[in-house]
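To start, the structure under review is shown below, and the notes come after it.
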Amino acid sequence: MELLPRSPAEFGSARYWDRFFRQRGQRPFEWYGAFPELCPVLHKYVRPRDKVLVVGCGNSELSEQMYDVGMCQDIVNIDVSDAAIRQMRERSAGTRPRMSYLLMDMLHMDFPDAHFQVVLDKGTLDALLTDEEEATLAKVEQMFAEISRVLQVGGRYLCVSLAQAHVLKKAVEYFSQEGWVVRVHQVASSGDQQQFVLPVFVYVMTKFRKVPGSAAQILEICPEEQERPMRVESAERLVAAVKDRQHYALLCSQISKTPCREQVSLDLCDRESGKPRYTLHVVDSPSVKPSRDNHFAIFIIPQGRETEWLFGTEEGRRQLAASAGFGRLLTVALHREQLYEGMAGIQAELSGKVMELAPPGLPARQQVPFLSVGGDIGVRAVRHCGSSPLSGDFVVEDVKGDGTCYFRRLIFLQNRNVVQSEARLLAPTPLPGQKKRRKDKKKPSPTEPPGAIDKSYLCCEHHKAMVAGLCLLGGPDALPGELAVLVVGLGGGSLPLFVHDYFSQARVAVVEIDPSMLEVATRWFGFSQGDRMQVHVSDGLDYVAKLAAEVPAQYDAIMFDVDSKDLTVGMSCPPPAFVEKPFLQKVKTILKPEGVFVLNLVCRDSRLKESVLAAL
């Protein structure tokens with residue numbers, strides 16, 4: 001039995017629907033959205049005394065169920081299919097006296113103006129708006145105009161739809177330009193019984209009198225998990241918000257059926273601000289032999305530790321998942337702009353959402369464990385937020401590391417998973433004769449600074465290697481009486497500070513292009529200038545070129561620790577201009593004959609890395 005149309009245009013044909021309902025027989029046909037799923041949304045907008053018009057009713061049970069549960073009973077159903085109308089009249093004969101079924105084209109309705117409080121459309125707009133041809137759009141505008149005509153001011157047009165982008169955009173643009181309030185509800189799914197992978201939406205268009213000259217639009221979206229709608233500023237943003245939820249539904253459907261070959265990542269955003277609140281990575285471990293208790297677990301990454309190799313890289317997360325011993329591990333990173341109410345609060349907030357990402361074969365009612373390092377969510381305290389024309393937005397934050405150590409970090413928000421500079425904080429020491437405070441039952445505030453900067457500790461592995469490079473000058477005994485060092489790139493100042501403090505004869509010149517970084521290093525990372533430490537705010541390229549033209553062979557050691565602001569290049573340190581041959585020749589010019597050139601090279605593009613090394 002062939003029920004599908006030969007072309008999408010047939011969805012608008014009365015002849016097609018007559019044939020469809022005759023062949024299908026008495027079985028009700030529901031496009032999508034069963035009554036139990038739609039009921040919570042319909043209940044908000046349909047009142048018992050409302051006069052309701054159902055357009056394109058077909059032989060759906062929706063209006064019958066609304067009638068039977070007492071949601072409303074003054075319901076008029078229309079359709080272009082005579083076969084469907086006759087079926088529906090027979091089904092309701094003698095049992096639903098206030099329900100009526102009329103053979104009528106919704107493009108040319110016989111009802112007087114402002115006759116209904118509610119117009120209900122379940123899949124009819126989707127069936128009509130199959131393409132964006134001129135003739136199709138003309139029919140849709142005629143449909144909208146007729147709905148607008150028969151609705152009272154304050155009335156609601158409720159449209160149940162799969163919300164294809166062109167369908168939603170057309171409805172939103174038409175009614176918002178008419179001065180109506182537009183709200184889109186996502187309908188809660190019914191789990192395994194859901195017929196469609198894509199979520200179902202209800203557009204709620206509330207009719208207001210159009211105010212001449214007013215361009216104000218009220219557009220809102222109400223996701224399934226929350227009662228309060230969120231305002232959006234344009235039809236494009238509303239369509240994008242719906243598309244995000246559709247992509248998420250497709251992702252959940254896909255990974256619930258098959259294991260992930262590659263790691264999947266997604267952001268869960270804060271309801272109020274729309275900013276990312278959680279970043280999730282789905283990591284499957286095919287090597288883990290499944291048993292009842294090791295299908296699925298959630299791992300909460302402690303605040304501030306999401307940049308560590310184990311948590312911040314694909315390979316690290318793969319190792320974490322394998323060592324945890326679960327077939328699927330969902331890692332959860334917490335964002336610095338957000339507040340969290342401890343592990344229990346996060347678990348309560350995420351428990352419903354993470355189960356949508358459960359692996360195939362998870363036993364019913366299986367309790368899924370929440371894991372973390374040490375059982376807590378870590379400590380992160382943002383000390384300073386700033387912005388610079390050169391570096392963009394940045395933050396200085398204190399985080400608790402592994403164990404009892406605290407660290408201060410500089411993060412550039414354009415690359416928020418990379419620690420730009422880091423320093424260990426000293427634990428506060430009691431004054432002589434001062435007694436230690438007894439442990440209070442109340443936990444200390446995570447915003448209390450642990451202490452001053454530990455200048456003796458190099459947090460970054462590449463800084464240790466760069467300092468070790470000074471041994472190539474001949475070791476401490478063979479070092480010249482006065483050591484001239486040029487450091488290009490200040491950051492938090494840890495590298496030049498260490499050289500200054502532990503090479504007592506060293507005179508350190510630092511070149512930093514961004515004056516904001518000098519301020520940050522001085523205020524937050526214990527950096528200071530003096531007789532043996534001078535900072536020059538300049539472009540490193542210009543500074544070296546100027547020195548090469550004036551006084552050659554000045555420095556015993558030259559260190560480049562410069563990040564690139566261009567994230568499109570596969571090399572994040574240094575910027576490409578710093579490793580071009582003409583500039584390297586200038587570096588050689590200002591370096592003493594037995595001097596050492598130390599370069600921090602971070603390059604994930606293997607071909608580019610080979611060419612840079614060849615040039616060096």
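The values are calculated or read from the model by the stated rules, or taken from the named source; none is laboratory data. Note that this is a predicted model, so its numbers are computed, not measured. Methodologically, a virtual Cβ is constructed for each residue, glycine included, from the backbone with ideal geometry; neighbour enumeration extends over all protein chains shown. What goes into the accessible areas is simple: the full protein's heavy atoms, side chains included, and nothing from ligands, DNA or RNA. Shrake-Rupley method; radii C 1.70, N 1.55, O 1.52, S 1.80 Å.
When residues in segment 73-98 are screened for being open to solvent by less than 20 Å² (accessible area, probe 1.4 Å) and either without any contact (Cβ under 8 Å) to a residue 40 or more places away in the chain or small (G, A, S) (or both), 9 of them pass. Starting from residues that are open to solvent by 10 Å² or more (accessible area, probe 1.4 Å) and among the hydroxyl-bearing types (S, T, Y), keep the ones in segment 385-420 and report whichever is farthest from F525 (Cα to Cα). If we take residues in segment 385-420 being open to solvent by 10 Å² or more (accessible area, probe 1.4 Å) and among the hydroxyl-bearing types (S, T, Y), then T404 is farthest from F525 (Cα to Cα). Would you mind stating whether L473 is touching a strand residue (DSSP E or B) at 6+ places or on another chain (Cβ under 8 Å), at pLDDT 90 or above and not β-branched (V, I, T)? No. If you take the residues in segment 368-378 that are open to solvent by less than 30 Å² (accessible area, probe 1.4 Å) and not small (G, A, S), which one is modelled with the lowest pLDDT? So, considering only residues that are open to solvent by less than 30 Å² (accessible area, probe 1.4 Å) and not small (G, A, S), the one modelled with the lowest pLDDT is I377. Those strands (runs of 3 or more DSSP E) of segment 128-236 in which at least 3 residues are within 17 Å of V46 (Cβ to Cβ) and at pLDDT 85 or above, considering only elements entirely within it, cover 151-161, 181-186, 201-206. In segment 100-115 there is no residue that is exposed (fewer than 14 other Cβ atoms within 10 Å of the Cβ) and polar (S, T, N, Q).
Considering the conditions (1) in contact with an Asp or Glu (Cβ under 6 Å, 6 or more places away or on another chain); (2) loosely packed, with under 13 Cβ neighbours inside 10 Å, P259 is excluded by exactly one of them, (2). Checking each residue of segment 496-516 against the condition of being under 18 Å from M533 (Cα atoms), modelled with pLDDT of 85 or more, open to solvent by 30 Å² or more (accessible area, probe 1.4 Å) and under 38 Å from the mean Cα position of the chain (by Cα) gives at least one match.
Flag: V202 does not match the condition of being in contact with a Lys or Arg (Cβ under 8 Å, 6 or more places away or on another chain) and either surrounded by fewer than 22 Cβ atoms within 10 Å (Cβ to Cβ) or closer than 21 Å to C72 by Cα (or both). When you check L334 against the structure, is it touching a Leu at 6+ places or on another chain (Cβ under 7 Å) and not basic (K, R), yes or no? Criteria not met by L334.
Within segment 480-492, not a single residue is at pLDDT 70 or above, among the acidic types (D, E) and outside the structural domain of D514 (by the TED database). Of all the criteria given as (1) outside any loop (DSSP other than H, G, I, E, B); (2) open to solvent by less than 40 Å² (accessible area, probe 1.4 Å), the one not satisfied by V288 is (1). Residue pairs whose Cβ atoms lie under 9 Å apart, sitting 6 or more positions apart in sequence or on different chains, and linking a residue in segment 346-360 that is free of Cβ contacts under 8 Å to residues at least 60 places away in the same chain to a partner that is basic (K, R), are E349/R277. For segment 517-528, filtering for residues that are outside any loop (DSSP other than H, G, I, E, B) and open to solvent by 10 Å² or more (accessible area, probe 1.4 Å) leaves 5. Is at least one residue of segment 314-322 free of Cβ contacts under 8 Å to residues at least 12 places away in the same chain and either more than 30 Å from P363 (Cβ to Cβ) or open to solvent by 50 Å² or more (accessible area, probe 1.4 Å) (or both)? Looking through segment 314-322, at least one residue is free of Cβ contacts under 8 Å to residues at least 12 places away in the same chain and either more than 30 Å from P363 (Cβ to Cβ) or open to solvent by 50 Å² or more (accessible area, probe 1.4 Å) (or both). Taken together, E356, E397 contain a single residue that is among the acidic types (D, E) and either more than 25 Å from the chain's Cα centre (by Cα) or part of a strand (DSSP E or B) (or both), which is E397. Scanning segment 53-65 for residues that are out of contact with any strand residue (DSSP E or B) (no Cβ under 7 Å at 6 or more places or on another chain) and either part of a helix (DSSP H, G or I) or open to solvent by 10 Å² or more (accessible area, probe 1.4 Å) (or both), we see that the one that is nearest to R96 (Cα to Cα) is E64. Would it be correct to say that G489 is touching a Gly at 6+ places or on another chain (Cβ under 8 Å), within 18 Å of H462 (Cα to Cα) and crowded, with 22+ Cβ neighbours inside 10 Å? Considered against the rule, which asks whether it is touching a Gly at 6+ places or on another chain (Cβ under 8 Å), within 18 Å of H462 (Cα to Cα) and crowded, with 22+ Cβ neighbours inside 10 Å, G489 comes out as yes.
With a requirement of 1 or more residues that are surrounded by fewer than 15 Cβ atoms within 10 Å (Cβ to Cβ) and among the small types (G, A, S), the helices (runs of 4 or more DSSP H) lying completely within segment 539-616 that satisfy it span 540-550, 606-615.
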